[in-house]
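Let me begin by presenting the structure, written as structure tokens, before commenting on it.
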Amino acid sequence: MSVATTPVLTGQASAVHELRARAPLFLAVLFGITVLAAIGNLAFPQDSIFHVSTYTITLLGKYLCYALLAMAVDVVWGYCGILSLGHGAFFGLGGYALGMYLMRQIGDRGVYGNPELPDFMVFLNWQELPWYWYGFDQFWFALLMVMLVPGILAFVFGYLAFRSRVVGVYLSIMTQALTYALMLAFFRNEMGFGGNNGLTDFKDLLGFDLQADSTRVGLLLVSALALGLAYVASQWIMGSKMGRVILAIRDDEPRTRFIGFRTERYKIWLFVYSAVLAGIAGALYVPQVGIINPGEFSPLNSIEVVVWVAVGGRGTLYGAVIGAILVNYAKTRFTAVWPEAWLFALGGLFVAVTVFLPQGIVGLFRERLGGRRA
Amino acid sequence: MTGRFNQAIETARCTGRWQALLLCMALLLLPYSVWAADLDSALAALAGASLSKVPAILEEVEAVGGEAAVPAFTAMLEGDLYYRRSDKRVVRAVRDDAGQYQLSDPLSGASLGASEKSALRKVKVSNRVRIHLRGAIARLTLSSEDPRQRLRAAQNLLERPDEDNLPLLRAAIETETDPDVVELLQTALALNLLQTSGDSEARLGAVETVAGSLQPAVRNQLQSMVQRDDDGNYGEEDAAVREAAQRALVTIDSRISFYGSLETVFFGLSLGSVLLLAALGLAITFGVMGVINMAHGELIMLGAYTTYMVQVLLPQHIEYSLFIAVPAAFVVSGLVGVLIERSVIRFLHGRPLETLLATFGISLILQQAVRTIFSPLNRQVFTPDWMSGSLQINSVFSLTYNRLYVFLFALVVFFVLQLVLNRTSLGLNVRAVSQNRSMARAIGVRADWVDALTFGLGSGIAGIAGVALSQLTNVGPNLGQAYIIDSFMVVVFGGVGNLWGTLVGALSLGVVNKFLEPVTGAVLAKILVLVFIILFIQKRPRGLFPQKGRAAE
């Protein structure tokens, strides 16, 4: 099989070089589309053909959050060979952190009208706010937690796993177990995160009404900004000396270690960075969809993210973004028209991409272009 | 004369009415109806009898009818005994859904049609009569031929102590031959004495007798003896007896908690056996090919659905269905496994992470296929009679047959697999490839072929696990998912060098889980086990029994 023997990526230098070359194009397309969509929504009246519906804006915003999550997975998988099946955990934790802030913002506008306690706590007959909810009425604190909580979890997990050299499928299974355990935990009412129903019924964010068109557009722009920043930051990391070591780890970890690099340190910090990206993606996602529940932690969600990256092409950053948006667009269309077929399609996609398209769509195009040049 | 008659009738009741008739005529040339008329007429006296006369009539019925009168007594005890106003016939009447009363003969159970409530009058029953009835029923069944009947009668006597029963109990202990029944009767007698005897010596002796018993009634009685009532008096006046009772209570409680933990161990082993079945196939494929088969759970599910299909196709042979289902599920899941290996995994050699993703895709397809073909709802798989019920060790400890058999089955599968791996040429090849693939190929082992067969074998075992699981949980499209992460944990914990690791890993995780559950709740127990495993692989990253090799890492 020729497919099986093709090297997954071409040499390091060209990969990094390519990232730099693509950055302006990527950023231009990203901001071009979002700004056009924003203008279409706000500047044109409902009946104009240039009008972009708020539904589309929200959908686009959601896709960008997924794209950021996919980029987080790509950073560890595509560049360092760490296949994480648990990035949904970091995404979910980031989402919960912001959700807690939004929950506190409801104040006494909830069904029970309790100014201190969110509705579900009143419903469970809780008398006072649990200690870990303190501080979430401050936006800056919530924002800090959006990055700190996933980061610390990733650090602890990475420290334990990478230091004892858990690699390959073992590591993948452990990450899956991690998100599975979190799902079980968040389903419990006693945890104080709304159990089954999660956090919802949000009203406003920093005083902006979440239902308003302008807020939606604002959130879309912020998501695009976050994605753009993450792209630039990731590109900078991969271009630095640390990035070179990370690529070396992917290609041959024992050899890199023998040369004298403490490979586990690089892996831990890359994992933490990736987790923080996923946490930010979750935090941007929650105000746009208006709910966060333990379903986000389900192992299936996390593994779906991996398939987005695989479809787009791993180890390219923009490939992950393309993959996330394409697959999710397909999912939106499919589940509306023929919901039963979606799992068949997704399953088929897993198999087809791994067997026939190991470098994803990006790889396919690159091969075509390369072929023509030669 | 009635005695011989009783015996004849007793035999006859077991074998049927016609034979009874023949037997009676042959033996004594007396028609059955004459004797039956005796019992019937004795019973008929109940119609309209005043409460004060009822006990005498009951004694008469008991003397005439013997064990044959038990159904009538039971009916009377339950308040179902009436008589018809028109002809004073005593009948058993039960209200049906339509509000009508269905009549039947209180002795033979033969139907006598339906009737309005107004045409009936109830045979009067008071508490005194009820006590009498219970005693009579106990006396009659205690002399039954069937030891199980006698055991039940003894249990009844134990739960309703009554001074009147003392001579009955003593007599029964004298004649009883079955040791279980004797023990139960002695406990009943002692319990009876504890409640009714005024002699503290007798009560002290009784406490000694019941000290080892696990009957709930005994524990309640002892408890009431050592506790103060509302007026501050102890249930038992004599301090020495009270002290003995206290000691007996401690013994009983420690025995109950001992059996309680035995039960937890059993539940844990049962969970462990399920994990073992689920993880064995996974461990083999992982060990040999280094790939994690994420579709393993769905292969288990296919096994469970195969059991369902076998039962649908052979509805009249539910009892044997499992014996057909085990090989059938092995073949179905095994073939699907070989198909997966040949069509997908073969092309992903040396890329374990991609294999993981591809097999995950296959698992989604299989799940959705089952959902489309069968429906997303659970299917009902029947449990054969020989697997239902439970093995009662004593009154606080019993083992359900389905869990017991699944546990034994898992061990059998484990040892058969060990034999296959250690004693057959296939096993030799499998071990060779798993230890050093390239070296094995170099000396002529067809690694491709071994891969396909190993994958088929692992998948077949998943199918067998599905048959076992169909007897314990619901059979639905999500069946596999519920166990898959746990069985991964078993493989990670046990290591892949050796199937013993899987055995030890599965059983210990199962037991630990079940011991944590009552303390922390089921969900937290699962989380704690996961955390434990994450910490465990710090110490031993390759599991309990790692594969030995010289690869430098």
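What the table below lists for this structure:
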item: Derived scalar couplings ³J(HN,Hα) [the range B:215-229; Karplus, 6.51 cos²θ - 1.76 cosθ + 1.60; whole Hz; x for Gly, Pro]; result: 4, x, 4, 5, 4, 4, 4, 4, 4, 5, 6, 8, 9, 7, 8
item: Å³ per residue enclosed by the Cα convex hull of the range B:119-206; result: 101 Å³
item: Residue B:87-residue B:197 FRET efficiency (beta carbon distance; Förster radius 41 Å; 0.05 resolution); result: 0.30
item: Listed residue pairs exceeding 25 Å between alpha carbons, taken from A:62/A:267; B:53/B:88; A:62/B:526; result: A:62/A:267; A:62/B:526
item: Full-extension gain in nm, residue A:352 to residue A:143, via 0.36 nm per residue minus C-alpha separation; result: 71.3 nm
item: Contact order normalised by residue count of the range A:116-240, Cα under 8 Å, 6+ apart, percent; result: 14 percent
item: Kirkwood Rh in Å, taken over all unlike Cα pairs in the range A:51-156; result: 16.1 Å
item: Average Cα contact separation per residue, the range B:114-207, under 8 Å, 6 or more apart, as relative contact order %; result: 22 percent
item: Alpha carbon centroid spacing (whole Å) that separates the range B:441-479 from the range A:106-175; result: 40 Å
item: Contact order normalised by residue count of chain B, Cα under 8 Å, 6+ apart, percent; result: 14 percent
item: Listed residues A:279, A:32, A:92, most fluctuating in chain A (Gaussian network, C-alpha, under 10 Å); result: A:32
item: Estimated FRET transfer efficiency (residue A:333, residue B:426; beta-carbon r; R0 41 Å; 0.05); result: 0.30
item: Structure-based [θ]222 nm, the protein assembly as shown - -39500 (n - 2.57) summed over DSSP H runs of at least 4, per residue, nearest 500; result: -23500 deg cm²/dmol
item: Highest-fluctuation residue, A:282, A:290, A:151 considered, GNM on chain A with Cα pairs under 10 Å; result: A:290
item: Convex hull of Cα atoms in the protein assembly as shown, direction-averaged projection (nm²); result: 54.6 nm²
item: Segment residue A:213-residue A:125, length gained on full extension (0.36 nm per residue, minus Cα span); result: 28.1 nm
item: Projected label distance in nm at residue A:259 and residue B:234, using a 7 Å step from Cα toward the beta-carbon; result: 8.4 nm
item: The range B:123-185: GluC sites (Glu not before Pro) in DSSP loop, at most 15 other beta carbons within 10 Å; result: B:145
item: Size-normalised alpha-carbon gyration radius of the range B:274-359, reference 2.2 N^0.38 Å; result: 1.24
item: In degrees, nearest ten, helix B:479-494 long axis to first principal axis of chain B (Cα); result: 60 degrees
item: Equivalent ellipsoid dimensions for the range A:2-373 as semi-axes, Å, which come from the Cα gyration tensor, largest first; result: 34, 26, 19
item: Nearest-20 debye value, the protein assembly as shown charge dipole, Cβ charges on Lys, Arg, Asp, Glu; result: 4140 debye
item: Amide H contacts of residue A:205 (H built 1.01 Å from N, under 5 Å, at least 5 apart or other chain); result: A:210
item: FRET efficiency, residue B:124 to residue B:385 (Cβ-Cβ, R0 45 Å, nearest 0.05); result: 0.60
item: Longest to shortest principal axis, alpha-carbon extents of chain B, angstrom; result: 97, 61, 44
item: Residue-by-residue Karplus 3J(HN,Hα) for the range B:349-356, coefficients 6.51, -1.76, 1.60, Hz, glycine and proline x; result: 4, x, 10, x, 5, 5, 4, 4
item: Most mobile listed residue (A:187, A:334, A:350) in chain A, GNM with C-alpha springs under 10 Å; result: A:334
item: Reciprocal mean inverse distance between Cα atoms of the range B:138-283 - Kirkwood radius, Å; result: 17.3 Å
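Every number in this text was worked out from the coordinates using simple rules, so none of it is lab data. None of these values were measured; they are calculated from a predicted model. We place every Cβ from the backbone using ideal geometry, glycine too, and count neighbours over all the protein chains shown.
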